[in-house]
Amino acid sequence: MADETGIQIQGLSDLQATLDGLAEKDSNRMIRGALFDAGEPVQLAVSQRAPERSQLPSGTALPPGALKMDIVVRVPRASNILMSLIGPDTLTRHAARWVEFGHRMVRGGNSTLGRNGKYHGSGQHVGEVPEHPFMRPAWEESKALAAETFAASLRSRIEAYGKRRKRKILSE
């Protein structure tokens, strides 16, 4: 995805050694849980910043509040890289991009921009909808809290794991 952004935490060799000492399945489960927890403050910030339509929709438009209610946190399993994805789910994913970056309004068909800079297609260009950024500002506002939440959640998960195993895993 070209629009990805993230936090990279470095200098955690002690934590890495601790996680390496655990079963891979257990350490991945703890990291995935912490990533999900870290995504929640970002999810809240995005939901709060997402615009809400004030009028009833016409045609196939999304209902008022759909974008605010459709922000989710996902931690994909299939990837070799453990990451948390926060954004609109399938109902509003297409519309969220239009809201974030703005778009053209076309009536009666479609219209695409050709290489020569002219629009082609059967649709009539009737206006522009300005951009309304809400994802990037929400990320910038909440990324420090997300990093703190990740660290606290991972620490508590490792400590709980140690208590279940009746041994101390993390040193103070």
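Inside region 103-150, can you point out the residues that are assigned to a loop (DSSP other than H, G, I, E, B) and under 19 Å from K68 (Cβ atoms)? Explain how you work it out, then say what you get.
Kept after step one, since they are assigned to a loop (DSSP other than H, G, I, E, B), are these residues of region 103-150: 108-111, 114-118, 121-123, 130-134.
The answer is E131, H132, P133, F134.
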Any pair with Cβ under 8 angstrom, 6 or more apart, that starts in region 146-168 at a residue that is farther than 18 Å from V73 by Cβ and ends at one that is among the acidic types (D, E) and modelled with pLDDT under 90: Y161/D26
Among the candidates G87, G39, residue that is surrounded by 12 or more Cβ atoms within 10 Å (Cβ to Cβ) and assigned to a strand (DSSP E or B): G87
Residues located in region 114-152, provided they are β-branched (V, I, T) and either modelled with pLDDT of 90 or more or surrounded by 12 or more Cβ atoms within 10 Å (Cβ to Cβ) (or both): V129, T149
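Of G162, G114, which residue is touching a Lys or Arg at 6+ places or on another chain (Cβ under 6 Å) and more than 28 Å from A50 (Cβ to Cβ)?
None of the others qualify; the one that does is G162.
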Enumeration of residues in region 90-113 that are surrounded by fewer than 16 Cβ atoms within 10 Å (Cβ to Cβ) and out of contact with any Gly (no Cβ under 6 Å at 6 or more places or on another chain): T90, L91, R93, H94, R97, W98, F101, G102, H103, R104, R107, L113
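The values are calculated or read from the model by the stated rules, or taken from the named source; none is laboratory data. Remember, predicted model here, so these are calculated numbers, not experimental data. Neighbour counts run over all protein chains shown; Cβ positions are idealised from the backbone, glycine included.
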